[in-house]
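The values are calculated or read from the model by the stated rules, or taken from the named source; none is laboratory data. From a predicted model like this one, the values you see are computed outputs, not experimental measurements. A quick note on method: Cβ atoms are made from the backbone with ideal geometry, for glycine too, and the neighbour counts reach across all protein chains shown. Only protein heavy atoms, including side chains, enter the accessible area calculation; ligands, DNA and RNA are left aside. Shrake-Rupley method; radii C 1.70, N 1.55, O 1.52, S 1.80 Å.
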Amino acid sequence: MSTSVQTKRYRASWNSAVIAESSNTTVVEGNQYFPVDDVRSEHLRPSETHTTCHWKGVAVNRDAAWYYPEPSKAAERVRDRIAFWRGVKVDQVAG
């Protein structure tokens, strides 16, 4: 008898363009953080905008994506990961 393992896979899209897709996301405060290698960088632009979270550190954030280049020790699991908002739809898809 064979068994199949269902893997949760998430996709971030905006205006029908797939920005990221991964079965290796990390959830923090309800946000899916995608590994940088699973993000299609051609859809992103550098930004000088940033915010600061009291426990994760400084985030670079412009319009729809953010990341923590130097997360605090408590938030080390989001290092080299990107999350999305502002119209970017993140859905679970078939794995």
So how many residues does region 55-71 have that are closer than 22 Å to Arg11 by Cα and either of a type in the set (Asp, Glu) or at pLDDT below 85 (or both)? 6
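What's the total number of residues in region 32-54 that are at pLDDT below 90, open to solvent by 30 Å² or more (accessible area, probe 1.4 Å) and of a type outside the set (Val, Ile, Thr)?
As a first pass, look at region 32-54 and keep what is at pLDDT below 90: 41-54.
Narrowing the set further to residues that are open to solvent by 30 Å² or more (accessible area, probe 1.4 Å) leaves 41-46, 48-52, 54.
Cutting the leftovers down to of a type outside the set (Val, Ile, Thr) gives us 41-46, 48, 50, 54.
Summing the residues that are at pLDDT below 90, open to solvent by 30 Å² or more (accessible area, probe 1.4 Å) and of a type outside the set (Val, Ile, Thr) in region 32-54 gives 9.
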Tell me, yes or no, whether region 16-31 has at least one residue that is part of a strand (DSSP E or B), at pLDDT below 95, surrounded by 14 or more Cβ atoms within 10 Å (Cβ to Cβ) and over 9 Å from the mean Cα position of the chain (by Cα). yes
Here the qualifying pairs (Cβ atoms under 6 Å; residues six or more apart or on different chains; first in region 72-85 and within 25 Å of Arg11 (Cβ to Cβ); second modelled with pLDDT under 90 and hydroxyl-bearing (Ser, Thr, Tyr)) come out as Val78/Tyr68; Ile82/Tyr67
